[in-house]
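Trainee: The structure that follows is given in the form of structure tokens.
The values are calculated or read from the model by the stated rules, or taken from the named source; none is laboratory data. Everything numeric here is computed off the predicted structure, so don't read it as measured data. Methodologically, a virtual Cβ is constructed for each residue, glycine included, from the backbone with ideal geometry; neighbour enumeration extends over all protein chains shown. The accessibility values were calculated without ligands, DNA or RNA, using every heavy atom of the protein model including side chains. Shrake-Rupley method; radii C 1.70, N 1.55, O 1.52, S 1.80 Å.
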Amino acid sequence: MEARHAVPQGQTVTDVAIIGAGPSGAAAAAWLARRGLAVRVIERSRFPRFSIGESLLPQCMVHLEACGLLEAARGGNFQVKNGAAFTWRGRDTTIDFRDKFTPGPGTTWQVERAEFDQLLIEGARRAGAEVEFGSTVEAFVPDAERPRLTLTDARGERSTLEARFVLDASGYGRVLARLTGLARPSSLASRCALFTHVEDRIDCSRHDREKILIGIHPDHSDIWYWLIPFREGRASVGVVGNRAALEAVGTSDSERLWHFIHAEPRLAELLAKAEAVRDTGRLEGYSADVERLHGPGFALLGNAGEFLDPVFSSGVTIALDSALRAAPLVERQLGGEGVAWDTEFEQPLRRGIATFREFVDAWYDGRLPRIIFNERQTPRIRSMISSILAGYAWDAANPFVAASRRRLDSLAEACAVEPDNVATSAERHP
């Protein structure tokens with residue numbers, strides 16, 4: 001560890017400052033603290049706190065184990081998830097994550113994030129990280145050796161925190177993207193989500209609580225729904241679409257949410273006896289991007305850098321992946337090694353994000369629903385798609401990672417023109 005320089009009054013120092021105590025912040029903090037680095041996590045909220053992003057992907061389990069937080073998360077006894085079910089105009093199909101192309105876990109959890117995030121950050125604290133709740137980052141000075149944060153704590157007192165490296169895991173707050181001017185508009189269309197938690201009271205024997213249910217509006221294919229079962233008979237429900245379309249009905253967000261739920265036959269059936277247990281929430285304009293994911297003395301993790309769309313539950317997966325890519329590089333850099341952040345962090349991370357983006361685009365333009373609801377693909381093709389939806393978007397051996405757009409175009413065209421030729425068209429290119 002390098003010798004400390006004189007510290008001005010009112011300023012504290014640490015090896016690594018992490019903004020945000022969500023999954024990416026907790027994962028990076030746990031990984032770094034276990035290796036003997038002084039880590040301080042700055043979180044604006046008080047935990048536990050509500051968050052959406054409740055349906056994990058199996059790839060998350062790999063990352064949780066790698067940062068030493070898997071056992072901490074097991075303490076939540078969360079609802080097991082093994083895939084995704086889809087419904088549209090009376091047609092139903094499933095993707096089973098256990099039948100996938102890529103090696104690795106095939107199951108994960110559906111979690112209430114307040115408890116899940118609390119378990120992770122407490123695990124990071126036990127690993128040695130210092131966690132400060134109720135503090136806001138007001139300013140940032142990037143510097144290759146001694147970046148500095150200006151903080152205001154819960155009492156309104158200001159201080160300066162000097163670190164040897166800063167990781168921004170602030171999620172939708174996107175603290176450093178704003179303070180450094182790196183934020184840029186997303187190329188994805190702006191959408192709105194309305195959501196709540198319910199006592200679902202589902203008594204349908206055909207309903208599989210180990211799968212997220214994704215529905216598509218019978219008349220408006222760009223409006224879709226989620227139903228995420230939790231343990232003990234609770235669930236998260238939401239509808240996503242263009243803001244104008246969602247606001248065309250009802251006088252409140254609660255009325256709008258339930259109007260759209262009742263418009264989808266399968267969800268209307270399943271949730272006929274449901275009762276909301278929290279107010280309807282709204283999240284809009286959530287898709288975001290940045291010019292780059294790193295700078296002098298800092299890097300951006302998860303949603304603090306780029307967020308796509310909730311449709312395939314990629315948010316926590318990307319967050320954890322970014323944390324487990326960045327943390328070893330921070331350790332190397334603070335140990336005196338040179339690190340090429342662009343080629344070792346940003347480019348590899350963005351490759352997986354680009355795969356998810358192709359699937360999001362294909363969902364909204366209709367190619368992916370056409371593929372998912374056509375089950376004539378060979379098991380091999382189905383397993384490749386399952387791998388992406390399970391979060392293994394960085395597996396270069398999967399043709400749907402290496403050439404997502406071409407593969408999706410080919411398969412969607414085959415589904416639209418001649419279903420019997422789906423397999424041969426999609427597998428034409430080795």
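Trainee: Rounded to whole Hz and in sequence order, give me ³J(HN,Hα) for segment 279-291 from the Karplus expression 6.51 cos²θ - 1.76 cosθ + 1.60, θ = phi - 60°, writing x for Gly and Pro.
Mentor: Those phi angles translate into 5, 5, x, 9, 9, 9, x, 7, 5, 8, 8, 9, 5 Hz.
Trainee: While we're looking at this one, here's another question. Does segment 265-406 classify as rounded, prolate or oblate by the C-alpha gyration tensor (a ≥ b ≥ c root eigenvalues; a/c under 1.5 gives rounded; else a/b over b/c gives prolate, otherwise oblate)?
Mentor: Working: a/c = 2.57, a/b = 1.47, b/c = 1.75.
Oblate, because a/c is 1.5 or more while a/b does not exceed b/c.
Trainee: Same structure, new question: Using the basic label-point model (7 angstrom from Cα toward the beta carbon), what is the V141 to E275 distance in nanometres?
Mentor: Inter-label distance under the simple model: 5.7 nm.
Trainee: If you place +1 on the Cβ of every Lys and Arg and -1 on the Cβ of every Asp and Glu, how big does the dipole about the Cα centre of the chain come out, in debye to the nearest 20? Display every interim value, and only then the final one.
Mentor: Working: 52 positive and 58 negative charges, 56 e Å.
Using Cβ point charges on Lys, Arg, Asp and Glu, the chain gives about 260 debye.
Trainee: Given R₀ = 45 Å, FRET efficiency for E413-T343 by Cβ-Cβ distance, to 0.05? Before the final figure, lay out each step's value.
Mentor: Working: r = 35 Å, r/R0 = 0.78.
So the FRET efficiency works out to roughly 0.80.
Trainee: While we're looking at this one, here's another question. Working from the pairwise distances between different alpha carbons, so that the mean of 1/r is found and then inverted, what is segment 63-182's Kirkwood radius in Å? Walk me through the numbers before you get to the answer.
Mentor: Values: mean 1/r = 0.0554 Å⁻¹.
Kirkwood hydrodynamic radius for segment 63-182: 18.1 Å.
Trainee: Let me ask another. Kindly report the accessible area of segment 212-284 per residue (heavy atoms of protein chains, probe 1.4 Å, no ligands, DNA or RNA), in Å².
Mentor: So segment 212-284 comes to 43 Å² accessible per residue, rounded to a whole number.
Trainee: On a full-extension model of 0.36 nm per residue, what is the gain between T251 and R376, subtracting their alpha-carbon distance, rounded to one decimal in nm?
Mentor: 40.6 nm
Trainee: With point charges of +1 on the Cβ of Lys and Arg and -1 on the Cβ of Asp and Glu, referenced to the Cα centre of segment 283-362, which listed residue (P328, T317, G295) lies farthest in the positive direction of the dipole?
Mentor: Of the options given, the answer is P328.
Trainee: Only four residue types carry charge here, +1 at the Cβ of Lys and Arg and -1 at the Cβ of Asp and Glu. Report the dipole size of segment 157-230 about the Cα centre in Debye, rounded to the nearest 20.
Mentor: Dipole size: approximately 360 debye.
Trainee: Helix 253-263 versus the longest principal axis of the chain: what angle, 0 to 90°, nearest 10, using Cα atoms?
Mentor: The answer is roughly 30 degrees.
Trainee: Now a separate question. So, in Å, what gap is there between the alpha-carbon centers of segment 181-254 and segment 102-152?
Mentor: Taking the Cα centre of segment 102-152 as reference, the centre of segment 181-254 is 27 Å away.
Trainee: Additional query: Could you look at the chain and say what percent of its accessible area is carbon and sulfur, using a 1.4 Å probe and all protein chains? Before the final figure, lay out each step's value.
Mentor: Working: 8030 of 17130 Å².
The value for the chain is 47 percent carbon and sulfur by accessible area.
Trainee: In addition: Relative to the compact globular guide of 2.2 N^0.38 Å, what is the alpha carbon radius of gyration of the chain, as a ratio? If you can, show how the numbers build up before the last one.
Mentor: Details: Rg = 22.0 Å, N = 430, 2.2 N^0.38 = 22.0 Å.
Scaled against compact globular proteins, the figure is 1.00.
Trainee: If you count the DSSP beta bridges with both ends in the chain, what percent of them are antiparallel, to the nearest 5?
Mentor: Of all bridge pairs located within the chain, approximately 65 percent are antiparallel.
Trainee: Label E132 and D92 with points 7 Å out from Cα along Cα→Cβ: what is the distance between them in nm?
Mentor: Each label point lies 7 Å from its Cα, and together they span 5.2 nm.
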